[in-house]
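Read through the structure below, which is laid out as structure tokens, and then see the notes.
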Protein chains: 2
Amino acid sequence: MTTLLTNIAELTTNDPSRTADPTGTLHDAAVLIDGGRVAWVGAVGDAPDAEEVVDAGRRAVIPGFVDSHSHLVFGGDRAEEFEARMAGQKYAAGGIRSTVAATRAASDDALRVRLRGFLGEMLAQGTTTVEIKSGYGLSVADEERLVRLAAEVTPEVTFLGAHVVPAEYADRADDYVDLVVGPMLDACAPHAKWIDVFCETGAFTVPQSRRVLEAGIARGLAPRVHASQLGPGEGVRLAVELGAASVDHGTYLTDDDIAALAASDTVLTLLPGVEFSTRQPYPDARRLIDAGVTVALACDTNPGSSFTSSMPFCIAIAVRDMGMTPAEAVWAATAGGAGALRRDDVGIIAPGARADLVLLDAPTRIHLAYRPGVPLVRRVWKDGVPVA
Amino acid sequence: MTTLLTNIAELTTNDPSRTADPTGTLHDAAVLIDGGRVAWVGAVGDAPDAEEVVDAGRRAVIPGFVDSHSHLVFGGDRAEEFEARMAGQKYAAGGIRSTVAATRAASDDALRVRLRGFLGEMLAQGTTTVEIKSGYGLSVADEERLVRLAAEVTPEVTFLGAHVVPAEYADRADDYVDLVVGPMLDACAPHAKWIDVFCETGAFTVPQSRRVLEAGIARGLAPRVHASQLGPGEGVRLAVELGAASVDHGTYLTDDDIAALAASDTVLTLLPGVEFSTRQPYPDARRLIDAGVTVALACDTNPGSSFTSSMPFCIAIAVRDMGMTPAEAVWAATAGGAGALRRDDVGIIAPGARADLVLLDAPTRIHLAYRPGVPLVRRVWKDGVPVA
């Protein structure tokens, strides 16, 4: 089955061979989908024949969003905590524990229904690739459950047993790390691709974080790190030293952090939904990009610090409050996310890539920031199949 | 035809007879719709029989949004101006003139298609009542066209010939005001309910604004005013003096403005999409509410300063950046908007009110801010008819 998507006013390919800038933007363009892959990209007038033709109606097409940071397997929500925080309470990482209790109490099927609901919601908003972390189980059996359920729906599964120290290990964080790098890692590694740790005051120290990451690497998992969300720390440099694919949050970065990131292959994944929902200052993405750091955008969908699942919302905030251009923000939400997952088959519209495409109900990608909050995703293809 | 909407986890009625606070919130509630009106509101266990029963599935129901400020009849867009502004250029009211040129060049049918597209988009986002202003014609024939087209879709039509001085009247603003209060008002008044003016440096002076408003009032139109968007001025006090239903923007208010509003029946309509899209400071709604000002929220959908049509987005910004509680923001976007239009049949779920209801895909209204950008509108009834 071949499908020609034609009459595209603005096509963001992210194929650096197409243009001097990284967005590889074409106008009056067409894309041929063959099975699950992109087979051809070019000008409308040069388009090959296809079994099915879809007229984009002079709208914009972008790659499907690659959301490289989410926590979608959990029970309950924390709407009242959000409301209290907006009335003046400060965000504390410890709130995670209330979600841990609700998650442990939920059945596999209840978690599955919720998870699939979020994935449908994300697809409808243009997200075709999603990474999912554990971290609300915090026992061997519950963490295993979460990575196993996540692995049913995505290959991008991250074991985050070291999300926070659970209540039953209060004041015994090192004992909890023993559990994480021992029996918990044994149970979770078969389902996971990534090892992650929340390296932050109130969560895990740098030596504890190093233990977790090195244990995961020894088991064949690749590292990624949560760091510098609530204040400056050494997590970013640890991530760079260990060759992490991504370090996530980066709300509080030092000049040394930025220099280290710029000289590395580690992507910095910014999570504007967190700053929105915890009312922290937004990171200055402009400064980071100008310094040579590779930036991704992700939602960090979770019930505590960021319950959005909307990549368009994150793009709008990145443009308004973080100094990114619309082109940079869309790149960061597609190719940037792919880089943060070390994937070259998504986040790009080029021959051989997965046919993950979003047709916007707008003539340009600028509209994702220009029309904040408006659902502008008109149609979505994942692996060449129309899904929303 | 009667419909019972039942099993509502949280019902925001805005009926002040229900609770001590103005939201009139009920839990485990049901609403009976009879024809286009609400016939009964109460506890699930007390609900009367109905021909049709809709199970809300323990989700939240709120009144349809009342968006009391929009400019939906126009041609073209200004995405590139937005992009340039985000790269550092300042917003100037003069940009309106490019939309005037595109609007004058568009046919009635082209404007109608666009207008109906926006209305559909708004309905899908829960907006069941919308006010529409002219102001992109700025000639007798074109302003008449815009109010006539607006009147095809809403009773809440506002004649805003005094939106900006058109290029052909540069340096002859008083001559343009003569046109507005003379032949233009003659042509537009039969289609309109409201008279409006942009009282701001760069648009119209206080004496010019007074002339426009008083001329409209003399023709039976009720006043509303754009003021204090770009800096402090005397527009708010003029609006209060003339008994305007609403003064809109209010980004820069003096203590005297706030005192005048608090002592008046004039609603202050805040437009967070404008501050978002022009990168101006958000107004401090907390201070205004605490001072006794009645606050509404609206989108100000227009191609220059605010192209969102999403009331949920405005609510999220109002909570995060303007100090409103979720309950206050939802009230402002429903009952507040109704007050700004002097309507008592919308923005409320009570016997006799129009059956304009929104079923959220969430258990509470808090989720509108807690899950920013996520389309949470599951089902919408307008005049008792399911429309989205």
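If a paramagnetic tag sat 7 Å from the Cα of B:V44 along the Cα-Cβ line, which residues of the range B:355-369 would have the backbone N under 16 Å from that point?
B:360, B:362-364
If you take the square roots of the eigenvalues of the alpha-carbon gyration tensor of the range A:65-340 and sort them as a ≥ b ≥ c, do you get rounded (a/c under 1.5), prolate (a/b over b/c) or oblate?
Rounded shape, in that the Cα axes give a/c under 1.5.
Top mean-square fluctuation among B:D21, B:D257, B:D77, Gaussian network model of chain B, C-alpha springs under 10 Å?
Of B:D21, B:D257, B:D77, the Gaussian network model singles out B:D21 as fluctuating most.
Checking an interface number: how much accessible area is buried between A and B, summed over both chains, with a 1.4 Å probe, in Å² rounded to 100?
So the buried area, both faces added, is about 3300 Å².
Given N residues in the range B:231-380, what is its alpha carbon radius of gyration divided by 2.2 N^0.38 Å?
1.02
Count the net charge of all other residues whose Cβ sits under 11 Å from the Cβ of A:G243, scoring Lys and Arg as +1 and Asp and Glu as -1.
0
In chain B, what percent of the accessible surface is made up of carbon and sulfur (1.4 Å probe, ligands and nucleic acids excluded)?
Heavy-atom surface of chain B belonging to carbon and sulfur, 1.4 Å probe: 52 percent.
Taking each residue in B:303-309, count the Cβ atoms of any other chain within 10 Å of its Cβ, then average. What number comes out?
3
Could you pull the Rg and Dmax for the range A:285-360, using just the Cα atoms, both in Å?
Considering the range A:285-360 through its Cα atoms, Rg and Dmax are 13.0, 40 Å.
Return one whole number: the accessible area per residue of the range A:302-353 in Å², for a 1.4 Å probe.
18
At a 1.4 Å probe, which residues in the range B:340-388 are at least 40 Å² less accessible with all protein chains present than in their chain isolated?
B:I366, B:Y370, B:R371, B:P372, B:G373, B:V374, B:P375
Any idea what diffusion coefficient the protein assembly as shown gets from Stokes-Einstein, in µm²/s, Kirkwood Rh on alpha carbon pairs, 10 °C, 1.306 mPa s?
Once the numbers are plugged in, D ends up at 58 µm²/s.
Looking only at the range B:118-141, which residues have a backbone nitrogen under 18 Å from a spot 7 Å from the Cα of B:D383 in the C-beta direction?
B:119-124, B:126-132
Sorted from shortest, what are the nm distances separating the label point of A:E51 from equivalent points in the other copies, each placed 7 Å from Cα along Cα to C-beta?
Counterpart label points of A:E51 in the remaining copies fall at 4.6 nm.
From the label point of A:G36, set 7 Å along Cα to the beta carbon, how far off in nm is each other copy's matching point, shortest first?
So the label point of A:G36 gives 5.2 nm to the other copies.
Averaged across the residues of B:81-87, what count of C-beta atoms belonging to other chains lies within 10 Å of each residue's C-beta?
5
Cut-off 10 angstrom, C-alpha nodes, Gaussian network model of chain B. Which of B:V100, B:V113, B:V346 fluctuates the most?
Highest fluctuation among the options: B:V113.
For the range B:111-155, report the accessible area per residue in Å² (1.4 Å probe, heavy atoms, rounded to an integer).
Each residue of the range B:111-155 exposes 29 Å² on average to a 1.4 Å probe.
Given the rule -39500 (n - 2.57) for each run of at least 4 DSSP H residues, summed and divided by the residues of chain A, what is its mean residue ellipticity at 222 nm, to the nearest 500 deg cm²/dmol?
About -8500 deg cm²/dmol.
May I ask you to derive the FRET efficiency for B:T19 and A:T19 from their Cβ-Cβ distance with R0 = 60 Å, giving the value to the nearest 0.05?
0.55
Let me know the mean shielding of A:95-102 by other chains, meaning the per-residue number of their Cβ atoms within 10 Å of its Cβ.
Across the residues of A:95-102, the mean count of other-chain Cβ atoms within 10 Å is 0.
Can you give the three extents of the C-alpha atoms in the range A:41-148 along their principal axes, from longest to shortest, in whole Å?
Sorted largest first, the three principal extents are 58, 36, 19 Å.
In sequence order, what are the phi-derived ³J(HN,Hα) couplings for the range B:191-205 according to the Karplus relation 6.51 cos²θ - 1.76 cosθ + 1.60 with θ = phi - 60°, rounded to whole Hz, with x for glycine and proline?
Once θ is set to phi - 60°, the couplings for the range B:191-205 become 9, 10, 10, 10, 10, 9, 8, 8, 8, 6, 4, x, 10, 10, 6 Hz.
Using only the alpha-carbon atoms of the range B:90-227 as identical scatterers, what base-10 log of I(q)/I(0) does the Debye formula give at q = 0.10 Å⁻¹?
Here the Debye-derived log intensity ratios amount to -0.31.
Placing the label point 7 Å from Cα along the Cα-to-Cβ direction, what are the distances from B:P386 to the equivalent spots in the other copies, shortest first, in nm to one decimal?
2.2
What residue of chain B sits with its beta carbon nearest the rotation axis taking B to A, and at what distance in whole Å?
That would be B:P375, 2.
Grab the other residues whose beta carbon is less than 13 angstrom from that of A:T2, score K and R as +1, D and E as -1, and report the net.
Once positives and negatives cancel, what remains is -3.
List the residues, sorted by chain then number, that are 5 or more residues from B:H69 or on another chain and whose placed amide H is less than 5 Å from its amide H.
Residues meeting the amide H criterion: B:E131, B:C299, B:D300.
Among A:G347, A:G235, A:G323, which one shows the highest mean-square fluctuation when chain A is modelled as a Gaussian network with alpha-carbon springs under 10 Å?
Residue with maximal mean-square fluctuation among A:G347, A:G235, A:G323: A:G323.
Using the alpha-carbon atoms, what tilt in degrees (0 to 90, nearest 10) does helix B:311-321 show relative to the longest principal axis of chain B?
Once rounded, one gets 80 degrees.
The values are calculated or read from the model by the stated rules, or taken from the named source; none is laboratory data. These figures come from a predicted structure and were not determined experimentally. Positions of Cβ are generated from backbone atoms using ideal geometry, with glycine treated the same way; all protein chains shown enter the neighbour counts. Ligands, DNA and RNA are stripped out before the accessible areas are found, and what is left, the full protein with its side chains, is counted by its heavy atoms. Shrake-Rupley method; radii C 1.70, N 1.55, O 1.52, S 1.80 Å.
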